[in-house]
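Every read-out reported here was derived from the displayed coordinates using simple, explicitly stated rules and does not represent laboratory data. These figures come from a predicted structure and were not determined experimentally. Cβ atoms come from the backbone with ideal geometry, glycine included; neighbour counts cover every protein chain shown.
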Amino acid sequence: MASEELTSAGYIKHHLTNWTFGHHPQLGWSFAHDAKEAAEMGFMSINVDTMLWSTILGLLFIWIFRKAAKQATAGTPGGLLNFIEWICEFIDTSVRGSFTGKNDLVAPMALTIFIWVFFMNLMDLLPVDWLPWIAGKIGAAMGHDPHHVYMKIVPSTDPNATFGMSLTVFALMLFFSVREKGAGGFAGELTLHPFSAKNPILQLLFIPVNFLLEFVSLLAKPLSLSLRLYGNMYAGEMIFILIALMYGAGWTMGIFGGLLQMGWAIFHILIITLQAFIFMTLTIVYMDMAHTVPEHH
């Protein structure tokens, strides 16, 4: 998408803009032509590229594991099945090590989160111009200005996606907390700790303080879960975009940029895997906290 008509700042801004559809105050329901229009759509908008690629990657995950399940036999497993079994054993070990309760949902959820987030992160290793360039060509063939055709292919660099996943985990954590501890037990967790006293009047004074501290801690869980993934992946994507700018500065800088890109891609493999693992592990820990009932309860 880099061209003579785009400055370096415009190139970066273009690659960081989502393909957005929503309700614009003046244009009504339409696709945004630039980041300004997307911002003006506000809450009544959807990042189509994020939804598209996250759905495709989710279906890819289902297809791969379904294919492996159909190949499962009592004999010696093949390469794909052996790899899938290794992943399942890894997830099972992680769940057993961090989750002390009993819930058949936790292990499948951990597997889904790890693979799905990993696939989303993995898209960051594709050259930053390939799919946006194809989208621009398709848009141009349909009569649109290619500079107004946007295609972000890494869903985890969109805070809407990371917040959506973290809020889902948060909702499940609240649900299981109330189910396992009861509404009174969950309310007690928020109001009777960390400060407590045998004097009922003093304990009553501690309730608002405890609630403030525990409520902030509670809200920090989905915030940290989403922003950690988003921040790391956004920074990684930005580095790839900055390296891509070097290809337009002559052969010498282009070769140097290619070496930098290769080195960063190799290092980034560790980052995308680690971020998927952290998101999964924190989810398991939050589920364990939801299922842990104090002895005095």
About the Cα centre of the chain, what is the dipole size in debye to 20, counting +1 per Lys and Arg Cβ and -1 per Asp and Glu Cβ, all else neutral? 560
What number comes out for the charge environment of residue 123, summing +1 per Lys or Arg and -1 per Asp or Glu over other residues with Cβ under 12 Å away? -3
Excluding residue 158 itself, what net charge comes from residues whose Cβ is under 15 Å from its Cβ, given Lys and Arg +1 and Asp and Glu -1? -1
At each listed q (0.10, 0.13, 0.14, 0.15 Å⁻¹), what is the log10 of I(q)/I(0) that the Debye formula gives for segment 36-165 modelled as equal alpha-carbon point scatterers? -0.48, -0.73, -0.81, -0.88
Say the cut-off is 30 Å between C-alpha atoms; which of 36/137; 70/221; 102/198 go over it? 70/221; 102/198
Convex hull over the Cα atoms of the chain, averaged projected area in nm²? 21.8
Taking the dipole of the chain about the Cα centre (Lys, Arg +1; Asp, Glu -1; charges at Cβ), the one of 95, 250, 165 that reaches farthest to the positive side is 95
